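**Student:** Here it is, the structure, as C-alpha cells.
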Amino acid sequence: MRYIPIYIILFLALFSSCGNGSQSYKIGVSQCSKGCWRDKVNQEMLAAQHLYECDVEVSIANAYDDTELQARQIDSLAQTGIDLLVVAPNVDTEPIIQAIERTEKAGIPVICFDRKIHADYTASIGGNNVEAGLIVGQYVASILRGEKLEGRDENPLVVEITGDMSSTPAQERHQGFAQAMEGLQHVDYQCIQSDWSSDEACRIATEQIKSGRMPDIIFCHNDGMATGVYKAVVEQNVEGQIKILGIDGMPGEGLEYVHFGHQVGTYVYPTHGEKIIRLALDILTGKPYERENPLLGFVVTPENVDLVTMESVELINQNHNLVTIQDKLEEYFGLYNTQRKVIIGSIVTIVLLMVAVVGILVAYLQTRRAIRKRQALNEEETLLYTHVAPQPQRQLFEVTPDQLPVSRSQDELFAEQLKEAIRQKMSNPSLKMDDLGESMGLSRVQLYRRVKAITGLTPVELLRKMRLQEGYVLLCNTTKTVQEIAYEVGFGTPGYFSKCFKQEYGKYPMDLREK
C-alpha cells in the first residue's frame, strides 16, 4: 500500500517524458524600418522556423526608422530571454551601438544583416552594397555605349540620388557607383543626397528637369525612390527621355516597373531570410561559421524581367503557403497537447480513484477487525468482572466532521492568487498547468477541481480567456502591433491569437483596432 504513490510518480514521469526532445531556440529580430523588401525578409525568416531540426521561434520588432525606439526594442528583446539577436541597425549611432553592446554583454550573440555598425557583433550577413553600386554603374556604362552620342553638344548627364548617407547601404552603394563612373569618359556625373523617400526623390528629379539640363540617366538607391522619379518625369511630360534605375528588385515594385518600361533596370538586392536563420542556428549549436557572409545579387533588365518575376512570385507564394501550413500545424499541435494533458489527467484521476477505493476497503476491513477485537474484549471483561458495575461503553471511533461551511472569502482569495499567478507567467507560451499548480501549492488535479468549482472553467480555458482579455486591453490602449501583442500575452503565433480572438469576441484584432 505504501509503495503505490511511488509507482504513480514513476508512471507520470515516464508518460510526461514521451515528448519532443529537440533543442528549442528563440531568435529576436529588430528591423529598422518597413517596406516590401523587409516584409519579404520577415516572411522568409518566419517560413524558415521549421525548416531545420531544431525548434525555432522567431519574434520580430519594427522600429519604423526611429533610432531611440529600436534601441529600446533591442533591450526589450534581450530581456524576454532570446537566445540570439538579429538586427538591421537604423543608423550607426551611439544608442544602437550601446544597445547591441548590452546585448553582447548579456551573453546573447548578435547578427547584423543588411546594414553594418561599429560595434562588436558576432556575425553579419547581407547583400554587398559596394558591389550593387558597381554593377549598376557598369550597366549604366553599357547603356551609354549603346546610345548614339555623336553630334551631341554636351556630354550625357548621369544623376545619382542616394539614400540617407548616415546609413552604410547608402554609403557603400554610392562608393561602388562612383567607382564605375570614374572610368567613364565624356560623361557628366552628379550625386545628390536624399533620405530614401519617394517624395524627396520626386522633388529632386523635378528640380533637375527644370534646371535647363535634363539628366539622361537617374540612378536611385532603391526602387521606392525610383517611383518618385518616374512620377516627376510623367508630371513634366518628359516620359521616355530619362532612363531610371533602382535597387531592390521586388515583385510588385522594381520588377513590375521594369516590365512596364518605367525603369530600364533594377538590381535584385538579395533577402534570403532562410540563410539568416541558418547562420543563427550554426552560431547557437556551435557549428563553424563565417563572420562576414555576403549575399550576391544581379541586374534585371527588360530582357530577363519576365523570367525573374515569375520565379520571384513563385518563391513568395511558396513562403506564404509554408507559413500558413506552419500556423495550422501549431494549432494542431496545441490541440494535441491539450488532449494529451486531458488523457494524462484522466489516467491520474482513475489511478487515484482506484487507490482511494483500495484505501477505503482496507480501512473498512481494519475497522471491522478492530470492532471485533473490542467486542471480544468487552465480553471477557463481562465474564471476569460480573461484580463490577457496568460501565458505559465508549465508542471506538468518534466522527467529528467539520460542520463549518467554506467561507466565500477563501474562494475569492484563491481566485485572486490564481489570477496573479497567471498574470506573472502569461507571456510564456509554454506555460503548463503543473507550473501554475506548483506556484499555488496544489497538484494538477487539485488545481483543476478548485478552478472548475469556482469559475466553471478549466485552468486551460481560464488561462486562454485571461490572455485574450489582456490582448483586448492592449489593442484598445496601446499602439503595439497585433504580432507584438500576441507574443506578449503568450500566444505562440499571431495567427492562432487572431483565431482565438475571433472566437471569443466575434471579430479579428485588426477589426477592433480599426474601429
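**Student:** Across the range 102-152, which residue is modelled with the lowest pLDDT among those that are part of a helix (DSSP H, G or I) and out of contact with any strand residue (DSSP E or B) (no Cβ under 9 Å at 6 or more places or on another chain)? Before the answer, list the steps.
**Tutor:** Going through the range 102-152, the residues part of a helix (DSSP H, G or I) turn out to be 102-105, 129-146.
This time we only want the ones that are out of contact with any strand residue (DSSP E or B) (no Cβ under 9 Å at 6 or more places or on another chain), so: 102, 105, 130, 134, 141-142, 145-146.
Details: Arg102: 94, Lys105: 93, Val130: 95, Leu134: 96, Ala141: 94, Ser142: 93, Arg145: 87, Gly146: 78.
The residue in question is Gly146.
Residue-wise test of (1) out of contact with any helix residue (DSSP H, G or I) (no Cβ under 8 Å at 6 or more places or on another chain); (2) modelled with pLDDT of 85 or more; (3) surrounded by 13 or more Cβ atoms within 10 Å (Cβ to Cβ); (4) part of a helix (DSSP H, G or I).
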| residue | (1), (2), (3), (4) |
| --- | --- |
| Val299 | no, yes, yes, no |
| Met310 | yes, no, no, yes |
| Gln326 | no, no, yes, yes |
| Ile343 | yes, yes, no, yes |
| Ile350 | yes, yes, no, yes |
| Tyr364 | yes, yes, no, yes |
| Asp402 | yes, no, no, no |
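Residue-wise test of (1) under 18 Å from Gly345 (Cα atoms); (2) modelled with pLDDT of 85 or more; (3) of a type outside the set (S, T, N, Q).
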residue	(1), (2), (3)
Arg408	no, no, yes
Glu416	no, no, yes
Ala421	no, no, yes
Lys425	no, no, yes
Pro429	no, no, yes
Asp435	yes, no, yes
Gly441	yes, no, yes
Ile454	no, no, yes
Glu461	yes, yes, yes
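**Student:** Let me ask something additional. Glu172 - would you say it is in a helix (DSSP H, G or I) and either in contact (Cβ under 8 Å) with a residue 40 or more places away in the chain or hydrophobic (A, V, I, L, M, F, W, C) (or both)? Please lay out each step first, then the result.
**Tutor:** Numbers: in a helix (DSSP H, G or I): yes; either in contact (Cβ under 8 Å) with a residue 40 or more places away in the chain or hydrophobic (A, V, I, L, M, F, W, C) (or both): yes.
Here the answer is yes, as Glu172 does meet what is asked.
**Student:** Moving on to the next point. When Asp83 is evaluated against the numbered criteria (1) surrounded by fewer than 16 Cβ atoms within 10 Å (Cβ to Cβ); (2) under 17 Å from Ser427 (Cα atoms); (3) touching a Phe, Trp or Tyr at 6+ places or on another chain (Cβ under 8 Å), which criterion, by number, is the only one it fails?
**Tutor:** Of everything listed in (1) surrounded by fewer than 16 Cβ atoms within 10 Å (Cβ to Cβ); (2) under 17 Å from Ser427 (Cα atoms); (3) touching a Phe, Trp or Tyr at 6+ places or on another chain (Cβ under 8 Å), Asp83 misses just condition (1).
**Student:** Looking at the range 206-215, can you tell me whether even one residue there is surrounded by fewer than 21 Cβ atoms within 10 Å (Cβ to Cβ), within 41 Å of the chain's Cα centre (by Cα) and either closer than 24 Å to Leu255 by Cβ or at pLDDT below 95 (or both)?
**Tutor:** No - not one qualifying residue is present in the range 206-215.
**Student:** So, one more: Mind checking which pairs have a first residue in the range 451-470 that is touching a residue at least 60 places away in the same chain (Cβ under 8 Å) and a second that is surrounded by 15 or more Cβ atoms within 10 Å (Cβ to Cβ) and not small (Gly, Ala, Ser), Cβ under 7 Å, 6 or more apart or different chains?
**Tutor:** From residues that are touching a residue at least 60 places away in the same chain (Cβ under 8 Å), the pairs are Val460/Met433.
**Student:** Could you check the range 213-253 and list, in sequence order, the residues that are without any contact (Cβ under 8 Å) to a residue 60 or more places away in the chain, farther than 25 Å from Ala178 by Cβ and part of a loop (DSSP other than H, G, I, E, B)?
**Tutor:** Gln236, Asn237, Val238, Glu239, Gly240
**Student:** Next up: For the range 193-205, which positions are touching an Asp or Glu at 6+ places or on another chain (Cβ under 7 Å) and either surrounded by 22 or more Cβ atoms within 10 Å (Cβ to Cβ) or of a type in the set (S, T, N, Q) (or both)?
**Tutor:** Of the range 193-205, the ones touching an Asp or Glu at 6+ places or on another chain (Cβ under 7 Å) are 194-196.
Of everything in the range 193-205, just one residue is touching an Asp or Glu at 6+ places or on another chain (Cβ under 7 Å) and either surrounded by 22 or more Cβ atoms within 10 Å (Cβ to Cβ) or of a type in the set (S, T, N, Q) (or both), namely Ser194.
**Student:** In the range 34-58, which residues are of a type in the set (Asp, Glu) and over 11 Å from the mean Cα position of the chain (by Cα)? So that I can check it myself, show each step before the final result.
**Tutor:** Going through the range 34-58, the residues of a type in the set (Asp, Glu) turn out to be 39, 44, 53, 55, 57.
Answer for the range 34-58, where residues must be of a type in the set (Asp, Glu) and over 11 Å from the mean Cα position of the chain (by Cα): Asp39, Glu44, Glu53, Asp55.
**Student:** Filter the range 87-101 down to residues that are in contact with a strand residue (DSSP E or B) (Cβ under 6 Å, 6 or more places away or on another chain) and either in contact (Cβ under 8 Å) with a residue 60 or more places away in the chain or more than 16 Å from Ala123 (Cβ to Cβ) (or both), then give me how many there are.
**Tutor:** Step one: of the range 87-101, the residues in contact with a strand residue (DSSP E or B) (Cβ under 6 Å, 6 or more places away or on another chain) are 87-88, 100.
Add one more test, that the residue is either in contact (Cβ under 8 Å) with a residue 60 or more places away in the chain or more than 16 Å from Ala123 (Cβ to Cβ) (or both), and what stays is none.
Residues in the range 87-101 being in contact with a strand residue (DSSP E or B) (Cβ under 6 Å, 6 or more places away or on another chain) and either in contact (Cβ under 8 Å) with a residue 60 or more places away in the chain or more than 16 Å from Ala123 (Cβ to Cβ) (or both): 0 in total.
**Student:** Next question, about the same structure. Filter the range 254-291 down to residues that are in contact with a Pro (Cβ under 9 Å, 6 or more places away or on another chain) and outside any loop (DSSP other than H, G, I, E, B) and give me whichever is surrounded by the fewest Cβ atoms within 10 Å (Cβ to Cβ).
**Tutor:** Ranking the candidates gives Asp282 first.
The values are calculated or read from the model by the stated rules, or taken from the named source; none is laboratory data. Because the structure is a prediction, the values reported are computed rather than measured. With ideal geometry, Cβ positions are generated from the backbone for all residues, glycine too; neighbour counts draw on all protein chains shown.
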